[in-house]
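The values are calculated or read from the model by the stated rules, or taken from the named source; none is laboratory data. All figures in this text were calculated on a predicted structure; none of them were measured in a lab. Cβ coordinates were reconstructed from backbone atoms using ideal geometry, including for glycine residues, and neighbour counts include every protein chain displayed. Just the protein is used for accessible areas: all its heavy atoms, side chains included, with ligands, DNA and RNA removed. Shrake-Rupley method; radii C 1.70, N 1.55, O 1.52, S 1.80 Å.
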Amino acid sequence: SAGDHQSYMSYCLTLAQKSPPKPTNYRVGALLLDASQNTILATGYTLELPGNTHAEQCCFLKLLEKHNLPQDSEDRLAEVLPQNTILYTTVEPCGKRLSGNLPCVERILKIGKGGDGKGGIKKVYVGVKEPEKFVGENVGRQKLEGAGIEVVLVEGLEEEILKVATAGHVEEKA
Ligand SMILES: Nc1nc(=O)c(N)c(NC[C@H](O)[C@H](O)[C@H](O)COP(=O)(O)O)[nH]1
Ligand SMILES: [Zn+2]
């Protein structure tokens, strides 16, 4: 229900607050939920793990580690994820990264939407669309929708999420 989405999203927001502020990224919190059991499979926040990591990327890395799968083999998460897995992230998954690292949309596409016996990410709940500060318009959500992965905006926390996300940014000169 909408209430559950908001509570998971506000939990992601508390995770985002653990992220060390930086002027060149956003402080984001994310979690992977097994929606059939209502159990959290993994949580993550920006820079939680070494290597200029994103929140969503940290969730995937933790599951890869847990299942003794190589770091860059997100595609193999389809073997271990429940079919009804949902990703919550305070800021929508990135479609492009200034650092040139693999964007989270690409990582999600490697996992796929699951179904017919395979695990996957069925839906992505986002707290805000990515602001256009770093990479212009984020067209990642169209790619996800094109792969059958539904992207849903959870309303109500936008202001809070953006305040946390941009805490490391230098105030625009008036
Ligand atoms: N969804 C999302 N989760 C994150 O954990 C994070 N940091 C961003 N941020 C998006 C922003 O576009 C990139 O942070 C910049 O493009 C800089 O790229 P790097 O982060 O240095 O790879 N977006
Ligand atoms: Zn990302």
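Structure summary
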quantity: Any hit, the range 80-93, residues being within 14 Å of ligand 2 (Cβ to nearest atom) and either polar (S, T, N, Q) or farther than 18 Å from Tyr45 by Cβ (or both); calculated: yes
quantity: Long-range neighbours under 8 Å by Cβ, at least six apart or interchain, first residue among the basic types (Lys, Arg) within the range 66-94, second assigned to a strand (DSSP E or B) and modelled with pLDDT of 95 or more; calculated: Lys66/Ala42
quantity: Condition check for Asn68: away from ligand 2 (no atom under 16 Å from the Cβ) and either open to solvent by 20 Å² or more (accessible area, probe 1.4 Å) or touching a Ser or Thr at 6+ places or on another chain (Cβ under 8 Å) (or both); calculated: yes
quantity: Cross-chain or 6+ apart pairs with Cβ under 7 Å, the range 117-141 first and under 21 Å from Glu74 (Cα atoms), then among the charged types (D, E, K, R) and open to solvent by less than 30 Å² (accessible area, probe 1.4 Å); calculated: Val126/Glu92; Gly140/Glu92; Arg141/Glu92
quantity: Residue identified as aromatic (Phe, Trp, Tyr) and surrounded by fewer than 20 Cβ atoms within 10 Å (Cβ to Cβ) among Tyr26, Tyr11; calculated: Tyr11
quantity: Residue count for the range 127-148, restricted to those that are within 14 Å of ligand 1 (Cβ to nearest atom) and open to solvent by less than 60 Å² (accessible area, probe 1.4 Å); calculated: 11
quantity: Odd one out for Thr14 among (1) within 13 Å of ligand 1 (Cβ to nearest atom); (2) touching a Gly at 6+ places or on another chain (Cβ under 8 Å); (3) more than 17 Å from Gly120 (Cβ to Cβ); calculated: (1)
quantity: Matching option when the condition is crowded, with 18+ Cβ neighbours inside 10 Å, without any contact (Cβ under 8 Å) to a residue 60 or more places away in the chain and assigned to a helix (DSSP H, G or I), among Val105, Val151, Val164; calculated: Val105
